[in-house]
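Readers should treat all values here as calculations from the given coordinates under stated rules, not as data from a laboratory. This structure is a prediction, so every number in the text was calculated from the model and none was measured. Quick reminder, even Gly has a Cβ in these numbers, built from the backbone with ideal geometry, and neighbours come from all protein chains shown.
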Amino acid sequence: MPYSKQHKSDVRARIVESARRLFNRHGFDHVTIDQLMAEAGLTRGGFYAHFRSKEAVFAAATASFLNGRGAIWRDEAGVDPTAGQVEMAQRMVESYLSRDHLTQTEDQCPLIAYATDVPRAGPKVQESYRELLEGMVSLFDANLAETGAASRQKALSLAALCVGGMVVARALPNDGIAEEIRVAALNDASSLWLGKDAPLDQTQQEAQAA
């Protein structure tokens, strides 16, 4: 009996989610199709029923984040992308530039985790990365006080500060400067770009309590 469309869809989703976690953990070059399928609890032979190449599943893993793990993460942070409130942009910034996000490697946003892999990848991967970035920019754009070109410019700057700050911090995870960079990016995004008082984040709370 042939598998149903739902079964095929579920298996594909398992492969994509396993790929997302492994690529986050090890990077594109250090993940094999055998490893990917073992992570999903499947055999290698089933891979090609869903994807033509490792790069194709890499593109799918990148694209899946926006409405998959990313949606769960936004819900947990209380972010409503359609609210039209600066508070939503602030919540996004605080959650994105949090210590938890920096240390949760498997669930980290692909904009951070794949930043060094994407320039060497093909057009489909780069397009999925661009679409994910545009999703972040659009969330900021829809929740800023400005309109038109000014809002778009500020949204782009916020996205660059969030992603760039985390990419640099992730490169030095066990160095004190990583925390300094993360907190500096959080404070500047809040005070310079959103007009909010810099939030007292986890690191600053611990320092005050010491």
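Would you mind checking the tilt of helix 5-26 against the longest principal axis of the Cα atoms of the chain, expressed as 0 to 90 degrees and rounded to 10?
Helix 5-26 and the main axis of the chain meet at about 60 degrees.
Which three semi-axes in whole Å describe the equivalent ellipsoid of the stretch 59-210, each the square root of 5 times a Cα gyration tensor eigenvalue, listed largest first?
With the √(5λ) rule applied to the stretch 59-210, the semi-axes are 23, 20, 14 Å.
7 Å from Cα along Cα→Cβ at both Ala145 and Thr103: what's the point-to-point distance in nm?
So the two model labels end up 3.5 nm from each other.
So if we plug the beta-carbon distance of Gln35 and Ala83 into 1/(1 + (r/R0)^6) with R0 = 41 Å, what FRET efficiency do we get, rounded to 0.05?
Computed FRET efficiency for Gln35 and Ala83 comes out at 0.50.
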